[in-house]
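Visitor: Before anything else, here's the structure in question.
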């Protein structure tokens, strides 16, 4: 089964592995008995679902979440059940990849407005006067 990331990218579910451990979160006595915490792992470097360009963009944007082996980890332990944590981990995984693959809009150069130029120059003049006034006081010996 394929997990849809965006209109052009889908990831094969076989490339994703889940690990379950006991969670320190909510759940009462259940916490001590059931492995509800979910860790989703996606091997980015060996993925066949992504092109080289997509892989590089994800590696660059999610560098802090990817380990040296090129594996992306998403951990969920908020919910009391394993199924709910698994759903949340998958949703967060899709959200992360979709955000990393989104192309930023190119910046359009803009000209400073007349008002912003006048404000900047007025502030420069004010700071200049403040500094020159500071100097005269000490030179005159009025201290």
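Visitor: Could you work out [θ]222 nm for the chain from helices alone, using -39500 (n - 2.57) per DSSP H run of at least four and dividing by all its residues? Round to the nearest 500 deg cm²/dmol. List each step's numbers first, then the result.
Guide: Values: 4 runs with 61 residues, N = 143.
Result for the chain, helices only: -14000 deg cm²/dmol.
Visitor: May I ask you to derive the relative contact order of the chain, considering only C-alpha pairs under 8 Å and at least 6 residues apart, and to give it as an integer percent?
Guide: Numbers: 153 pairs, mean separation 29.8, N = 143.
Relative contact order here is 21 percent.
Visitor: Once you put a point 7 Å from the Cα of residue 21 and another 7 Å from the Cα of residue 59, both along the Cβ direction, what distance in nm separates them?
Guide: Output for this residue pair reads 2.7 nm.
Visitor: Compute the whole-percent fraction of alpha carbon pairs in the chain spaced more than 20 Å apart.
Guide: Numbers: 6492 of 10153 pairs.
Value for the chain: 64 percent of Cα pairs lie more than 20 Å apart.
Visitor: Please give the helix 82-101 orientation as an angle from the longest Cα principal axis of the chain, in degrees from 0 to 90, rounded to the nearest 10.
Guide: The two axes meet at around 50 degrees.
Visitor: In nm, to one decimal, how far is the residue 113 label point from the residue 80 one, both placed 7 Å along Cα→Cβ?
Guide: About 5.4 nm separates the two model spin labels.
Computed from the coordinates by the stated procedures, all read-outs in this text should not be read as laboratory data. Just so we're clear, the structure is a prediction, and the values are computed from it rather than from any experiment. Note that we place each Cβ from the backbone using ideal geometry, even for glycine, and neighbour counts take in every protein chain shown.
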